[in-house]
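*Asks:* Can you keep this structure in mind? I'll have questions shortly.
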Amino acid sequence: MHRPALSVVIPCFNEAACLELLHARVSAAARTAVGDNYEIVLINDGSRDDSWPVMQRLSAADPRLVAINLSRNHGHQLALTAGLDLCSGAQILIIDADLQDPPELLADMRRTMAEEQADVVYAVRRKREGETIFKKATAAAFYRVLDRVTDTPIPLDTGDFRLMSRRALDALLSLPEQARFIRGMVAWVGFRQVPFPYDRAERHAGETNYPLGKMVRLAFDAVTGFSTAPLRFASHASVILAGASLLLLFYILWGFFEGSPVQGWTSTMLVVTVLSAVQMFVLGMIGEYLGRLYIESKRRPLYLVADIAGPVKGHSSLGFNAAEPSPEFDMPETQRAAE
Ligand code: UDP
Ligand code: MG
């Protein structure tokens, strides 16, 4: 199989307004880095705007562009997985479609990879332009909490913008889980990984596709995917509560022997409500893990592809778990669905 030197993988959700400039800037950056020997893989993650028709048009004019249309919105991490499955490059650049991550950094990232003999060069955000204080604060807090609870050291302030070697990508693709927190999974894979500081730009057009709800879900995927610490919370809480109950018992006995038994609805209610809150929290946490266990046990495909435009050279599992045998993808010519 012919392997391009570089694949640029870009998940897109409602990014029609960014695609042309994205294509131009990524193509220019890739050409500077590796000449003509590259491919760009765009994944349309069930966009509701014109992203797919724009991608089809771009791919008809550029033989180095492959556009993949997923059957519906599968979410950023699964759309990215689809692109990573289908790309075939020796090096792989993951980048967002909104041009917040400048493609022009590719040359420097490749240089760092060569100099440091690294398998992964991950971009670390020094500054984030044009994002709300709320987004920056929650992101900063999230990465720090994650760092405390997880067993895998996941780099702080790092998104999915990164350059990877083929062996690191193949290792990543061998992880079959459904709840995918890719930046953590890459960290888990190991090999030599080096940071690459950069300033994050503003979105070129459109608005963030990561509202609070999706961010919270990603955060839960991250924590549950990389740590079982929340499950141990119940044991820690029980030790503390047992100590507190003992003190309370002494206090009650003391009052009884002093001749002034403790009375009070307020204190009883307080204890009951505090304990219920703790119990509900613990149950909720168990539910999070149990739910994920259930979803994983169904072993559904990670994503489904509806159409592909452009020449796919890669190898796809078409969304079936990497553990299962994957059919060879051999599409000689552009396959286009209803245009
Ligand atoms: N994205 C996607 N599917 C989704 C949400 C987002 O493919 O359901 C893509 C989006 O098009 C972009 C990347 O994921 O290329 C990051 O999303 P966004 O820029 O909205 O997130 P932010 O940078 O605001 O965290
Ligand atoms: Mg963005």
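The values are calculated or read from the model by the stated rules, or taken from the named source; none is laboratory data. Quick caveat: nothing in here was measured; it's all calculated off a predicted structure. Using ideal geometry, Cβ is built from the backbone for each residue, glycine included, and neighbour counts are taken over all protein chains shown. Remember, those area values only see protein heavy atoms, side chains included, never the ligands or the DNA or RNA. Shrake-Rupley method; radii C 1.70, N 1.55, O 1.52, S 1.80 Å.
*Asks:* Restricting attention to region 87-99, and to residues there that are out of contact with any His (no Cβ under 8 Å at 6 or more places or on another chain) and outside any strand (DSSP E or B), which single residue is nearest to Val121 (Cα to Cα)? Give the steps one after another, and end with the answer.
*Replies:* Of region 87-99, the ones out of contact with any His (no Cβ under 8 Å at 6 or more places or on another chain) are 87, 89-97.
So of that shortlist, the ones also outside any strand (DSSP E or B) come out as 87, 89-90, 95-97.
Details: Cys87: 18, Gly89: 16, Ala90: 14, Ile95: 12, Asp96: 16, Ala97: 19 Å.
Checked region 87-99; the qualifying residue nearest to Val121 (Cα to Cα) is Ile95.
*Asks:* Count, please, the residues in region 56-83 that happen to be polar (S, T, N, Q), in a helix (DSSP H, G or I) and either open to solvent by 30 Å² or more (accessible area, probe 1.4 Å) or within 15 Å of ligand 1 (Cβ to nearest atom) (or both).
*Replies:* Taking region 56-83 first, the residues polar (S, T, N, Q) are 56, 59, 69, 71, 73, 77, 81.
Adding the requirement that they be in a helix (DSSP H, G or I) leaves 56, 59, 77, 81.
This time we only want the ones that are either open to solvent by 30 Å² or more (accessible area, probe 1.4 Å) or within 15 Å of ligand 1 (Cβ to nearest atom) (or both), so: 77, 81.
Total meeting the criteria: 2.
*Asks:* Name the residues in region 231-262 that are within 23 Å of Val282 (Cα to Cα) and either small (Gly, Ala, Ser) or touching a Gly at 6+ places or on another chain (Cβ under 9 Å) (or both), would you?
*Replies:* Ala234, Ser235, Ala237, Ser238, Ala242, Gly243, Ala244, Ser245
*Asks:* Name the single residue that is nearest to ligand 2 (Cβ to nearest atom) among those in region 1-24 being assigned to a helix (DSSP H, G or I) and surrounded by 16 or more Cβ atoms within 10 Å (Cβ to Cβ).
*Replies:* Going through the qualifying residues, I end up with Cys18.
*Asks:* Taking region 29-53 as the search range and keeping residues that are farther than 19 Å from Cys87 by Cα and assigned to a helix (DSSP H, G or I), which one is most open to solvent (accessible area, probe 1.4 Å)?
*Replies:* It comes out as Thr32.
*Asks:* Also, quick follow-up: May I ask you to list the residues in region 84-110 that are of a type outside the set (A, V, I, L, M), crowded, with 22+ Cβ neighbours inside 10 Å and more than 16 Å from ligand 2 (Cβ to nearest atom)?
*Replies:* Asp85, Cys87, Gly89, Gln91
*Asks:* Can you name the condition, by its number, that Thr158 falls short on among (1) within 12 Å of the chain's Cα centre (by Cα); (2) in contact (Cβ under 8 Å) with a residue 40 or more places away in the chain?
*Replies:* Evaluating Thr158 over (1) within 12 Å of the chain's Cα centre (by Cα); (2) in contact (Cβ under 8 Å) with a residue 40 or more places away in the chain leaves (2) as the failure.
*Asks:* Another question about this same structure. Checking the structure you have, find out if any residue of region 152-168 is surrounded by fewer than 17 Cβ atoms within 10 Å (Cβ to Cβ), charged (D, E, K, R) and over 14 Å from Ala222 (Cα atoms). Talk me through it step by step, then tell me what you get.
*Replies:* If we filter region 152-168 for residues that are surrounded by fewer than 17 Cβ atoms within 10 Å (Cβ to Cβ), which is where we start, we get 152-153, 156, 166-167.
Those left that are additionally charged (D, E, K, R): 166-167.
Then drop every residue that is not over 14 Å from Ala222 (Cα atoms), which leaves 166-167.
Yes, there is a match, as at least one residue in region 152-168 is surrounded by fewer than 17 Cβ atoms within 10 Å (Cβ to Cβ), charged (D, E, K, R) and over 14 Å from Ala222 (Cα atoms).
*Asks:* Give me the pairs: first residue in region 24-52 and on the phi > 0 side of the Ramachandran plot, second residue charged (D, E, K, R), beta-carbon distance under 7 Å, and six or more apart or on different chains, which are they?
*Replies:* Hits for this filter: Gly46/Arg72.
*Asks:* Listed residues Tyr210, Tyr198; which is part of a loop (DSSP other than H, G, I, E, B), touching a helix residue (DSSP H, G or I) at 6+ places or on another chain (Cβ under 8 Å) and either of a type in the set (Ser, Thr, Tyr) or over 25 Å from Met109 (Cβ atoms) (or both)?
*Replies:* Numbers: Tyr198 fails: part of a loop (DSSP other than H, G, I, E, B).
Unique residue meeting the criteria: Tyr210.
*Asks:* While we're on this one: Restricting attention to region 192-210, which residues are touching a strand residue (DSSP E or B) at 6+ places or on another chain (Cβ under 7 Å) and more than 9 Å from ligand 2 (Cβ to nearest atom)? Please lay out each step first, then the result.
*Replies:* Residues of region 192-210 touching a strand residue (DSSP E or B) at 6+ places or on another chain (Cβ under 7 Å): 193-200.
Hits for region 192-210 are Gln193, Val194, Pro195, Phe196, Pro197, Tyr198, Asp199.
*Asks:* Go through region 97-145 residue by residue and tally those that are within 14 Å of ligand 1 (Cβ to nearest atom) and farther than 23 Å from His76 by Cα.
*Replies:* Summing the residues that are within 14 Å of ligand 1 (Cβ to nearest atom) and farther than 23 Å from His76 by Cα in region 97-145 gives 0.
*Asks:* Please go through region 136-192 and give me each residue that is out of contact with any Asp or Glu (no Cβ under 6 Å at 6 or more places or on another chain) and of a type in the set (Gly, Ala, Ser), ordered by number.
*Replies:* Matches in region 136-192: Ala137, Ala139, Ala140, Ala141, Gly159, Ala171, Ser174, Gly184, Ala187, Gly190.
*Asks:* For region 17-70, enumerate the residues that are among the basic types (Lys, Arg) and in contact with a helix residue (DSSP H, G or I) (Cβ under 8 Å, 6 or more places away or on another chain). Walk me through it before giving the result.
*Replies:* Step one: filter region 17-70 for residues among the basic types (Lys, Arg), giving 25, 31, 48, 57, 64.
If the condition is that a residue be among the basic types (Lys, Arg) and in contact with a helix residue (DSSP H, G or I) (Cβ under 8 Å, 6 or more places away or on another chain), then Arg25, Arg64 are the ones that fit.
*Asks:* Still on this structure, please answer the following. Filtering region 282-339 down to residues that are modelled with pLDDT of 85 or more and under 13 Å from Asp85 (Cβ atoms), which residue is farthest from the chain's Cα centre (by Cα)?
*Replies:* Ile308
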